[in-house]
Amino acid sequence: MQTLVDWGRIDTVLLDMDGTLLDLYFDNHFWLQHLPGVFGRERGLAPEAAHAELVARFGREQGTLNWYCVDFWSQELGLDIPLLKKDIAHLIAPRPGAFEFLAAIRDSGREAWLVTNAHHHSLSLKLAHTPLTDLCDRILCSHDFREPKESAAFWPALRASEPFDPARALFVDDSESVLRAAHDYGIGQLLTIGQPDSRKPTRDGLHFPVLHHFNDLLPIPPRHVTA
Ligand SMILES: [Mg+2]
């Protein structure tokens with residue numbers, strides 16, 4: 001009997017994509033290895049110098065929509081980011097049990113919504129290389145609401161567009177600042193991810209309850225609809 005989620009009080013499951021449903025290794029590898037390599041070759045910089053330069057630039061935009069915006073970085077760095085991402089698309093992979101978990105949510109009579117800060121270009125690449133479109137009832141991108149999920153303004157904007165009962169929602173995301181905003185808005189149950197990147201150690205010292213494997217949330221009892 002799993003105790004992480006009280007399924008009797010859940011109608012809608014909101015799920016982050018990168019680092020939650022999908023292995024963050026793709027994104028970390030792209031931004032911290034593949035892109036610095038290309039950027040360094042273009043600018044004649046050593047790999048370490050290119051890495052340091054990019055990390056400093058990323059830091060200045062953290063927590064904003066620019067940080068997630070492929071168009072912004074393409075322009076800022078003078079590189080075709082969507083094209084470069086395709087070079088390593090074979091690294092796009094689910095976190096263990098993610099797709100089976102999505103199927104189980106829907107089998108239980110609940111809805112699974114993907115709610116991501118990923119830019120449309122990144123999102124379409126991930127959707128092209130995974131079955132997420134078929135497994136999710138809605139696919140929602142924060143760029144359409146002009147606010148990242150970390151922002152207090154995101155959550156009322158999402159609900160105005162896609163009505164749901166926040167008190168009867170479960171939200172799983174690997175970002176604690178995102179979870180904090182969701183908590184403050186009144187999302188009923190929240191979980192973070194122990195190991196968003198399969199090549200990095202499991203994180204500790206997390207504030208929200210930690211999900212280690214999607215199987216830990218199974219089985220999902222059928223949803224009882226009250227008249
Ligand atoms: Mg994430």
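The values are calculated or read from the model by the stated rules, or taken from the named source; none is laboratory data. Computed from a predicted structure; not experimentally measured. In this analysis, Cβ positions are derived from the backbone assuming ideal geometry, glycine residues included, and neighbour counts consider all displayed protein chains.
Below are the figures for this structure:
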| quantity | calculated |
| --- | --- |
| Residues located in segment 28-66, provided they are in contact (Cβ under 8 Å) with a residue 40 or more places away in the chain and either within 30 Å of residue 96 (Cβ to Cβ) or assigned to a helix (DSSP H, G or I) (or both) | 28, 29, 30, 34, 35, 38, 39, 63, 65 |
| Where a residue in segment 1-23 is under 25 Å from residue 148 (Cβ atoms) and in a strand (DSSP E or B) and its partner, wherever it lies, is basic (Lys, Arg) and modelled with pLDDT of 95 or more, with Cβ under 7 Å and at least six apart | 12/110; 12/168; 13/110; 22/95; 22/126 |
| Search result, residues across segment 75-101 that are touching a His at 6+ places or on another chain (Cβ under 9 Å), surrounded by 14 or more Cβ atoms within 10 Å (Cβ to Cβ) and in a helix (DSSP H, G or I) | 81, 82, 84, 85, 91 |
| Scope segment 1-53; condition acidic (Asp, Glu) and away from the ligand (no atom under 16 Å from the Cβ); matching residues | 6, 11, 42, 48, 53 |
| Within segment 164-215, tally of residues that are away from the ligand (no atom under 14 Å from the Cβ), assigned to a loop (DSSP other than H, G, I, E, B) and crowded, with 16+ Cβ neighbours inside 10 Å | 3 |
| Residue tally, condition closer than 30 Å to residue 127 by Cα and aliphatic (A, V, I, L, M), over segment 23-49 | 4 |
| Checklist (1) within 16 Å of the ligand (Cβ to nearest atom); (2) in contact (Cβ under 8 Å) with a residue 60 or more places away in the chain; (3) out of contact with any Gly (no Cβ under 9 Å at 6 or more places or on another chain) applied to residue 105, failing item | (1) |
